[in-house]
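Input: a single structure, listed below in structure tokens.
The values are calculated or read from the model by the stated rules, or taken from the named source; none is laboratory data. Bear in mind that the values here come from a model prediction, so they are computed numbers and not experimental data. Using ideal geometry, Cβ is built from the backbone for each residue, glycine included, and neighbour counts are taken over all protein chains shown. Surface areas here come from the heavy atoms of the whole protein model, side chains and all, with no ligands, DNA or RNA. Shrake-Rupley method; radii C 1.70, N 1.55, O 1.52, S 1.80 Å.
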Amino acid sequence: MARIARRGNVRAIRPGVAIPAQRNEDLEFVSVASVARSYAEKAYQLAQTEPNSKDHRFAEYMAGITEKLPRNNLRLLVTPITPRREWFDEALRKWRVAKAAHQLAQSRWNLAYCLDRQDEGERHKAARLECDQAEADLNRTIEDALRTPTVRKCDALTKQEMIGKREWAATYRPDWQAIVDEDLARYPAKAPKPRAKEGR
């Protein structure tokens, strides 16, 4: 499955998704890039045999024309066509560990804060740093889990559990909620069971 990463989100390229037709300028960019590659190879060879010669400088100039080609911020991530259930199982276990570590750090901070109120100490500052680090680790683990493909609807629903109730996440973490919604949309909703006919 090929995926395009855009602005922190991952969108799957699935069968049936229309691919835009290649434009004339796209073909031109491909041709220019091909010419630049050939000159880059020639420039490398001339650097060994005729450095700073007229041909060498011209080849370097032509190799640099790729700098004028357009750039974009898309990254293509390629993974096997069929994801495995074990991938999300591993991500789920890592999330549980990170969640427990965050809860422990919060408990330590609460304890340090209470002790500092008794003796005017400053233990809570170090505990606060530990708590912030644990929260950052938890958020990274959640993001990794959200981007892990699922093969079962129950796993997609577990992603919702990770980020909280939908109403809250849609307001405060819309990027996360968009990933969960996209994953859930891949699973068809259960059709309602037909009602039993009443006896006459």
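General observations
Listed here are the residues, each with its yes/no results for (1) modelled with pLDDT of 70 or more; (2) touching a helix residue (DSSP H, G or I) at 6+ places or on another chain (Cβ under 8 Å).
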residue	(1), (2)
Arg3	no, no
Ile13	no, no
Leu27	yes, no
Val30	yes, no
Ala36	yes, yes
Tyr44	yes, no
Arg57	yes, no
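- Residue pairs meeting the criteria (Cβ under 9 Å; at least 6 apart or on separate chains; first closer than 16 Å to Ala63 by Cα, in segment 21-32; second assigned to a helix (DSSP H, G or I) and at pLDDT 70 or above): Val32/Ile65
- Restricting the first member to segment 179-198 and to residues that are closer than 14 Å to Ile163 by Cα, and the second to residues that are of a type in the set (D, E, K, R) and at pLDDT 65 or above, the beta-carbon pairs closer than 6 Å and six or more apart or on different chains are Val180/Lys159.
- Thr66 modelled with pLDDT of 85 or more and more than 22 Å from the chain's Cα centre (by Cα): no
- Residue check: Tyr113 meets all listed conditions (1) modelled with pLDDT of 95 or more; (2) aromatic (Phe, Trp, Tyr); (3) open to solvent by 30 Å² or more (accessible area, probe 1.4 Å) but one, namely (1).
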